[in-house]
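Asks: Handing you a structure now.
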Amino acid sequence: MTEVAIRSNGSGAVAVAEPRVTAAVATLADWASELDAATDMAVKLCQTPFAPAHFRGKPTDAAAAILTGHELGLSPMASLRSIFMISGTPGMYAKAMLAVVQAQGHNVWVAEQSPDRVVVKGWRKGAPDHIHETTWDPARVVAAKLTSNAKYQENPQAMMVARGTAEICRQVASDALHGIPYAVEELEDMPLRVEASVAPRVTAAEILGTVSAPPPAEPVDEPQTADAGPRLITQAQQRKLHALFRDNDLADRDAGLLYVGAIIGHPVESTKDLTVTEAGTVIDSLETQRAEPPVDVEP
């Protein structure tokens, strides 16, 4: 709020003093100034190959990532490399979370690691006697239903280290992470919900009533046999999918697969592993995203 002082100037007239800006308003003004600076920087960075694929052509998203990273003590470029938004949930790679926590003087380390057991420990700055500890092993991975994770199958030790590191970082120094709730490695395992829905297309003739709109198509079950699973992605879907990746600045393979995993709710090693239904869901999501009007950003 602002405060206004009212006084008499001796002639009977009332003079109104200039509004006094409170600390809260000043803080918001500083934020607005920082956002302008971050947006100017993001507009320039997003036009270069140094910007990750998921930020190219999206300067407002990149500006938000830069501001988020600034709160964490990261440089603008480190922010773009480290911060991801998956279905509306922000995340950082476990190594980036570890760097932020250690920069604040807290201590997190891997005490033991092997393909069968990973132990991560840590203590908060000023309290080295209070040690937090977590253990990840195949039994815990099974209990958490993470065995389908492709990265776990390739390198179980690295996945358990990432999980344990993120867990201890939050326990030791959640304040240093400024509300970043998950590591990217954790988000990849979550059945994230797709917020956008695809509305049926309506022609001008249907709007004017000159023709009857056809009833919505009934979902068609994929033909299956007793021994066969769901049909895999078709060649036509493959071509469509990769064209939409290019249109949505997701030509980078890792960025594309990360997006696909967020949409269908589980990670994939290749788009060839998608079923026909999953491929259709991803294609619909990409077409919706492409159809959204771009946000104009004044340089």
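The values are calculated or read from the model by the stated rules, or taken from the named source; none is laboratory data. Every value quoted in this text rests on a predicted model; they were computed, and no experiment measured them. In this analysis, Cβ positions are derived from the backbone assuming ideal geometry, glycine residues included, and neighbour counts consider all displayed protein chains.
Asks: Please go through the range 84-102 and pick out each residue that is free of Cβ contacts under 8 Å to residues at least 60 places away in the same chain and either more than 20 Å from Phe50 (Cα to Cα) or touching a Phe, Trp or Tyr at 6+ places or on another chain (Cβ under 9 Å) (or both).
Replies: Result: Ala99, Gln102.
Asks: Say we look at the range 258-276 and pick out the residues that are surrounded by 15 or more Cβ atoms within 10 Å (Cβ to Cβ) and hydroxyl-bearing (Ser, Thr, Tyr); which of these is modelled with the lowest pLDDT?
Replies: Per the stated criteria, the residue is Tyr259.
Asks: If only one of Ala255, Ala279, Ala243, Ala251 is within 25 Å of Lys58 (Cβ to Cβ), at pLDDT 75 or above, among the aliphatic types (A, V, I, L, M) and in a loop (DSSP other than H, G, I, E, B), which one is it?
Replies: Ala251
Asks: Provide a single number: the residues in the range 39-59 that are crowded, with 18+ Cβ neighbours inside 10 Å and out of contact with any Lys or Arg (no Cβ under 6 Å at 6 or more places or on another chain).
Replies: The number of residues fulfilling the criteria is 11.
Asks: I would also like to ask the following. Kindly evaluate Ala158 against the criterion of being at pLDDT below 80 and not assigned by TED's automatic domain parsing to the domain that holds Gly256.
Replies: Considered against the rule, which asks whether it is at pLDDT below 80 and not assigned by TED's automatic domain parsing to the domain that holds Gly256, Ala158 comes out as no.
Asks: Are any of the residues in the range 104-112 crowded, with 18+ Cβ neighbours inside 10 Å and not assigned by TED's automatic domain parsing to the domain that holds Met159?
Replies: no
Asks: Look at the range 123-136 and say how many of its residues are crowded, with 17+ Cβ neighbours inside 10 Å and closer than 15 Å to Asp175 by Cα.
Replies: Number of matching residues: 2.
Asks: What single numbered condition from (1) touching a strand residue (DSSP E or B) at 6+ places or on another chain (Cβ under 9 Å); (2) among the polar types (S, T, N, Q); (3) not in a helix (DSSP H, G or I) fails to hold for Thr48?
Replies: Condition not satisfied by Thr48: (1).
Asks: Which residue pairs have Cβ atoms under 6 Å apart, sit 6 or more places apart or on different chains, and have a first residue in the range 142-171 that is part of a helix (DSSP H, G or I) and a second that is hydroxyl-bearing (Ser, Thr, Tyr)?
Replies: Taking only residues 6 or more apart or on different chains, the pairs are Met159/Tyr152; Gly164/Thr134; Glu167/Thr134; Ile168/Thr134.
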